[in-house]
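J.: I'd like to ask some things about the structure below.
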Number of protein chains: 2
Amino acid sequence: MRLMSDTCSEGIREQLFSLDDIPGVLWTPEHAAGTRPLILMGHGGGRHKKDPDILVLAHRFVTACDFAVVAVDVPNHGDRPVDPTYDRIATENQARVEAGEELAPLIADFQALVARQTVPEWQAVLDAVQRLAHVGSGPVGYWGVSLGCGLGVPFVAAEPRVRAAVLGLGGAPTLHAAAARITVPVEFLVQWDDERVPREESLALFDAFASTEKSLHANPGKHGDLRGWELDSSVEFFARHLR
Amino acid sequence: MRLMSDTCSEGIREQLFSLDDIPGVLWTPEHAAGTRPLILMGHGGGRHKKDPDILVLAHRFVTACDFAVVAVDVPNHGDRPVDPTYDRIATENQARVEAGEELAPLIADFQALVARQTVPEWQAVLDAVQRLAHVGSGPVGYWGVSLGCGLGVPFVAAEPRVRAAVLGLGGAPTLHAAAARITVPVEFLVQWDDERVPREESLALFDAFASTEKSLHANPGKHGDLRGWELDSSVEFFARHLR
């Protein structure tokens with residue numbers, strides 16, 4: 001783990017790092033010492049580790065809960081180089097959609113492929129970050145919607161350190177098998193008028209989680225219109241389960 | 001409005017009253033003076049104004065938010081006398097169910113009948129309670145699930161003083177017309193395995209609210225198994241909308 005920068009602002013310490021060429025960022029309370037809960041945040045498609053949506057919520061977890069938060073760029077996103085394989089598949093998919101194929105199953109298959117890379121990457125990130133004295137081996141939470149859900153479901157299913165997860169804005173049937181292996185508390189966000197995820201698929205994915213503690217939160221609006229109070233709810237959720 | 005008792009315990013003042021023979025209870029912070037938000041709570045079927053579920057949440061609204069809370073017995077419940085008409089219909093309905101009719105539509109029609117009495121009763125209760133100096137004419141919220149939803153939807157639709165409502169555990173199609181007149185923020189609670197309310201009917205009632213701010217919260221469990229964190233969420237919801 002190579003540290004690129006280490007700065008402080010408004011009570012929050014931000015450390016940019018690189019782990020085996022994966023660019024990442026770690027946020028902790030300014031004077032943090034000792035073990036604390038850690039939240040891994042997965043960004044959306046076309047976004048990156050310091051996307052404003054990620055940043056705002058990460059800062060809330062740090063200031064409201066005294067947690068550590070880590071985010072890394074997904075392959076082909078942010079500061080990562082273009083991956084020729086993923087690029088080729090994306091181009092092929094675009095051609096297949098133009099030829100009349102449905103987009104959603106293509107995206108689902110693509111995300112399943114990327115997840116085979118990100119699950120071990122994110123596990124390595126947890127390993128590295130939890131070795132830091134101001135993070136330590138506390139309970140872990142995962143927050144990710146949209147692409148962050150498509151990659152998050154297989155990650156949460158595979159990683160026993162994760163004790164609670166906020167997921168949503170996703171419903172690919174290809175995720176059901178992994179969802180059925182998830183038993184930790186889940187808060188699942190649905191946009192009631194999501195133009196990308198059919199409502200029935202969202203409800204079916206919620207159904208698929210094996211967790212006995214799972215809450216579906218649905219709000220009117222399209223895919224990108226997540227309401228601010230759901231972020232408050234995420235803070236409450238992790239405070240309840242990770243403290 | 002006739003005051004029957006006035007006691008204090010653990011920072012909460014409880015006043016039992018009777019208004020035109022409707023037995024009611026008002027909770028306020030012990031030393032409350034001046035106008036504050038008021039929440040009207042509607043109890044469930046077979047329950048009463050001081051049911052433990054009502055009591056626990058009412059106390060939360062008072063202690064966490066400094067609100068006033070009022071609850072009254074629904075006709076044929078609690079300290080109210082047996083109403084021969086309602087009693088006769090209930091007996092007839094039981095016979096019809098035994099003869100093979102579906103229960104849910106009979107309950108829906110019955111609740112619609114009772115609502116024609118409770119809507120004006122609850123409006124009179126608001127009038128009376130808001131005349132008290134330690135309550136005053138602040139914003140009003142409504143909280144009610146199950147029977148409290150069946151009676152609450154027509155009440156919230158009819159009463160412009162209500163600025164936000166928590167409803168749920170109900171889905172009667174007979175409520176859709178009133179729901180379509182509701183435009184205030186709604187938090188709508190669904191039990192995912194509700195043995196009394198079909199899931200599709202719950203989702204359809206959520207759809208029917210005209211509110212641009214509405215959240216559906218679904219949790220696994222049967223009709224009576226509402227999770228404790230949904231009560232926390234109700235407190236947050238009213239704090240956000242009535243303060």
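The numbers here are math on the coordinates, done by the rules we state, and not lab data. Owing to the predicted nature of the structure, the values given are computational and were not obtained by experimental measurement. As a convention, Cβ positions derive from the backbone with ideal geometry for all residues, glycine included, and neighbour counts pool all protein chains shown.
J.: Which cross-chain or sequence-distant (5 or more) residues have an amide H under 5 Å from the amide H of residue A:13, H modelled 1.01 Å from N in plane?
T.: Answer set, sorted by chain and number: A:28, A:30.
J.: Assuming R0 = 45 Å, what is the FRET efficiency of residue A:102 and residue B:10, from their Cβ-Cβ distance, to the nearest 0.05?
T.: Given R0 = 45 Å and the Cβ-Cβ separation, E is 0.15.
J.: Next question, about the same structure. Name the residues whose placed amide hydrogens come within less than 5 Å of the amide hydrogen of residue A:39, ignoring near sequence neighbours (fewer than 5 apart) on the same chain.
T.: So residue A:39 has HN proximity to A:68, A:69, A:70, A:141.
J.: While we're on this one: Translational D (Stokes-Einstein, µm²/s) of the protein assembly as shown at 4 °C and 1.567 mPa s when Rh comes from the Kirkwood sum over C-alpha pairs?
T.: Stokes-Einstein gives a translational diffusion coefficient of 53 µm²/s.
J.: Which chain B residue puts its Cβ closest to the axis that rotates B onto A, and at what distance in whole Å?
T.: Axis-proximal residue of B, distance in whole Å: B:217, 3.
J.: Checking a compactness column here: for region B:72-145, what do you get for Rg(Cα) / (2.2 N^0.38 Å), N being the number of residues?
T.: 1.44
J.: How much net charge surrounds residue A:221 when only other residues with a Cβ under 9 Å from its Cβ are counted (Lys, Arg +1; Asp, Glu -1)?
T.: Here the charged neighbours net out to -1.
J.: For a quick check: with amide H placed at 1.01 Å from N, whose amide H comes under 5 Å from residue A:215's, ignoring anything fewer than 5 positions away on the same chain?
T.: Amide H to amide H, under 5 Å and 5 or more residues apart or across chains, residue A:215 pairs with A:186, A:187, A:188.
J.: Related question: One decimal, nm, shortest first: give the distances between the label point of residue A:33 and those of the same position in the other copies, each label point 7 Å from Cα along Cα→Cβ.
T.: So the distances to the same position in the other copies read 4.7 nm.
J.: Considering only A:209, A:132, A:179, whose Cα is most displaced toward the positive end of the charge dipole of region A:79-210, charges sitting on Cβ of Lys, Arg (+1) and Asp, Glu (-1)?
T.: Of the candidates, A:132 comes out farthest on the positive side.
J.: For chain B, modelled as a Gaussian network with Cα springs under 10 Å, which listed residue fluctuates most, B:181, B:196, B:96?
T.: B:96
J.: What is the angle, in °, between the Cα long axis of helix A:199-208 and the longest principal axis of the Cα atoms in chain A? Nearest 10 is fine, range 0 to 90.
T.: Approximately 60 degrees, to the nearest 10.
J.: To the nearest 20 debye, what charge dipole does region B:2-242 have about its Cα centre, counting +1 at the Cβ of each Lys and Arg and -1 at the Cβ of each Asp and Glu? Could you put the intermediate results ahead of the total?
T.: On the way: 21 positive and 33 negative charges, 131 e Å.
Dipole of region B:2-242, to the nearest 20 debye: 620 debye.
J.: Between B:126, B:147, B:106, find the one with the highest GNM mean-square fluctuation for chain B; connect C-alpha pairs within less than 10 Å.
T.: Looking only at B:126, B:147, B:106, the biggest GNM fluctuation is shown by B:106.
J.: Further, regarding this structure: Which angle between 0 and 90 degrees, to the nearest 10, do you get for helix B:228-242 versus the longest principal axis of chain B when only C-alpha atoms count?
T.: The helix B:228-242 is inclined about 60 degrees to chain B.
J.: Placing the label point 7 Å from Cα along the Cα-to-Cβ direction, what are the distances from residue B:102 to the equivalent spots in the other copies, shortest first, in nm to one decimal?
T.: Those separations, rounded to one decimal, come out as 2.9 nm.
J.: Same structure, new question: Once the Cβ-Cβ distance between residue A:18 and residue B:243 is put in as r, and R0 is 45 Å, what FRET efficiency do you end up with, to the nearest 0.05? Please report the intermediate quantities before stating the final value.
T.: Details: r = 45 Å, r/R0 = 1.01.
FRET efficiency, residue A:18 to residue B:243: 0.50.
J.: With just the Cα atoms defining each centre, how far is region B:136-167 from region A:1-69? Give it in Å.
T.: After rounding, the separation between the Cα centres reads 42 Å.
J.: I'd like the orientation of helix A:103-130 relative to chain A: the angle between its Cα long axis and the longest Cα principal axis, in ° from 0 to 90, rounded to 10.
T.: 10 degrees
J.: By DSSP, what percent of the beta bridges with both residues in the protein assembly as shown are antiparallel, rounded to the nearest 5?
T.: In the protein assembly as shown, approximately 45 percent of DSSP beta bridges are antiparallel ones.
J.: Can you list, shortest first and in nm, the gaps between the label point of residue A:210 and those of its counterparts in the other copies, using a point 7 Å from Cα in the C-beta direction?
T.: Those separations, rounded to one decimal, come out as 4.7 nm.
J.: Then there's this: Quick check: convex hull over the Cα atoms of region A:104-243, volume per residue in Å³, rounded to an integer? Numbers along the way, then the final one.
T.: Working: hull volume 13.8 nm³, N = 140.
Each residue corresponds to 98 Å³ of Cα convex hull volume.
J.: Out of every Cα-Cα pair in region A:173-243, what percent are more than 21 Å apart?
T.: Values: 743 of 2485 pairs.
The calculated P(r) of region A:173-243 puts 30 percent of pairs beyond 21 Å.
J.: Treating only the Cβ of Lys, Arg, Asp and Glu as charged (+1, +1, -1, -1), what charge dipole size does the protein assembly as shown show about its Cα centre? Round to the nearest 20 debye.
T.: Here the size comes out at about 920 debye.
J.: So what's the projected area for region B:2-242, the Cα convex hull averaged over all directions, in nm²?
T.: Projected over every direction and averaged, the Cα hull of region B:2-242 covers 12.1 nm².
J.: In addition: Dipole magnitude of region B:129-200 about its Cα centre, charges +1 at Lys/Arg Cβ and -1 at Asp/Glu Cβ only, in debye to the nearest 20?
T.: Its charge dipole is roughly 400 debye.
J.: So for chain A, averaging the separation of alpha carbon pairs under 8 Å that are six or more residues apart and normalising by length, what relative contact order in percent results?
T.: Answer for chain A is 17 percent.
J.: So, one more: Per residue of chain B, what 222 nm ellipticity follows from adding -39500 (n - 2.57) for every DSSP H run with n ≥ 4, rounded to the nearest 500?
T.: About -12500 deg cm²/dmol.
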